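Scroll down for the structure; my scribbles are underneath it.
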Amino acid sequence: MPESRRITVIAGGVGAAKFLQGLLSIYPNKLVTAVVNVADDFRLHGLAISPDLDTVTYTLGGRVNPDTGWGRAEETWRVKDELERLGGQTWFNLGDLDLALHLYRTQRLEEGATLTQITLELCKTLGIEARLLPASDQEVRTQLKVQGQGWVDFQDYFVAQQHNVAVEDLRFQGMDNAAPGPEVISSLEECDAIVIAPSNPFVSVRPILEISGVTDVLRERKHDVVAISPIVGGAALKGPASRMLEEFGFERNSVGIASLYKDLAGTLVIDEVDSELSPQVESEGIRALVTDTIMDNPTRAAALAQAVLAEFSAAEEEQQ
């Protein structure tokens with residue numbers, strides 16, 4: 001793919017951050033935009049916390065904890081330890097360096113800045129040249145209907161309960177009043193290629209797709225869209241995506257992912273382990289691209305990004 005094409009990535013947390021890191025290592029950073037999920041944002045201790053945005057920001061800014069894929073490298077925990085000693089809430093790990101970012105975000109929000117403005121400020125401070133766009137500046141909150149509990153907030157499900165409970169339904173509180181963030185729609189309409197990162201399709205990607213106008217653009221540009229399956233060998237490398245596929249009535253493999261994205265993407269990237277599923281994927285009306293999708297180091301992440309870029313180049317040649 002010529003290094004003059006603009007790419008927009010629909011992004012969740014760790015998987016998206018790793019893919020973006022690989023992409024930016026081989027492609028002009030200023031030509032890449034990431035539209036990032038904000039439906040897992042929440043408030044704790046009065047602070048505005050944006051987990052997916054923070055994971056992407058820390059990763060691209062070279063400050064992510066390499067062992068966990070989230071949080072800060074070289075983090076310290078004095079505040080958390082003292083809070084725990086006092087009997088405060090420590091179910092969501094906030095390190096000392098991480099707290100500084102949340103304090104800054106909360107301060108700027110109270111001063112009247114938007115989440116988009118604050119994210120751009122943080123990117124400038126961290127030396128990130130790619131453009132990171134929150135999917136919306138309005139509050140959207142993922143809630144899950146947990147078996148035997150009713151509706152719970154995403155962080156309760158994901159962190160407090162370690163996503164180890166059965167889910168019956170999903171909703172996004174505030175979605176009716178949420179507008180796409182500034183430049184979100186234009187970034188999707190005007191770019192040359194769109195990637196749906198290997199993020200959880202239900203709680204990372206779907207909250208972005210449900211924001212007014214986003215799905216319409218992807219449907220119109222289906223042949224310019226490549227989605228990457230987050231499922232390898234019937235399991236998610238991280239998080240509850242594979243179990244949620246089953247809970248919501250889809251096959252617990254890349255075929256299930258294909259059925260979710262068949263109207264939005266022209267190609268689905270699946271792992272070599274799942275190569276035998278290619279015919280079933282393509283029977284859903286979406287091309288299967290088989291390659292190594294496991295990003296356990298920067299080299300493999302860059303190789304996956306290169307395979308995606310090559311797919312766009314091949315599609316471009318076919319259209320000519």
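Read-outs: derived from the displayed coordinates by stated rules, not from any lab. What you see is a predicted model, and the numbers here were worked out from it, not measured in a lab. Backbone-built Cβ (ideal geometry, glycine too); neighbour counts: all protein chains shown.
Points worth noting:
- Output for the range 179-214, where each listed residue is of a type in the set (Gly, Ala, Ser) and in contact with a Pro (Cβ under 9 Å, 6 or more places away or on another chain): Gly181, Ala197, Ser199, Ser204, Ser212, Gly213
- Of all the criteria given as (1) surrounded by 14 or more Cβ atoms within 10 Å (Cβ to Cβ); (2) within 20 Å of Phe19 (Cα to Cα), the one not satisfied by Asn297 is (1).
- Qualifying residue in the range 95-105 (condition: part of a helix (DSSP H, G or I), touching a residue at least 60 places away in the same chain (Cβ under 8 Å) and under 23 Å from Thr68 (Cβ atoms)): no
- Residue selected from the range 236-291 under the condition hydrophobic (A, V, I, L, M, F, W, C) and assigned to a strand (DSSP E or B), by the criterion nearest to the chain's Cα centre (by Cα): Ala236
- Which numbered condition Lys222 fails, given (1) surrounded by 24 or more Cβ atoms within 10 Å (Cβ to Cβ); (2) over 18 Å from Ala17 (Cβ atoms): (1)
- Among (1) within 25 Å of Gln162 (Cα to Cα); (2) free of Cβ contacts under 8 Å to residues at least 40 places away in the same chain; (3) surrounded by fewer than 20 Cβ atoms within 10 Å (Cβ to Cβ), the one test that Glu276 misses: (1)
- Scanning the range 109-124 for residues that are out of contact with any strand residue (DSSP E or B) (no Cβ under 8 Å at 6 or more places or on another chain) and either in contact (Cβ under 8 Å) with a residue 60 or more places away in the chain or surrounded by 14 or more Cβ atoms within 10 Å (Cβ to Cβ) (or both) returns Ala113, Thr114, Gln117, Ile118, Glu121, Leu122.
- Subset tally (residues that are surrounded by fewer than 18 Cβ atoms within 10 Å (Cβ to Cβ) and assigned to a loop (DSSP other than H, G, I, E, B)) for the range 139-164: 7
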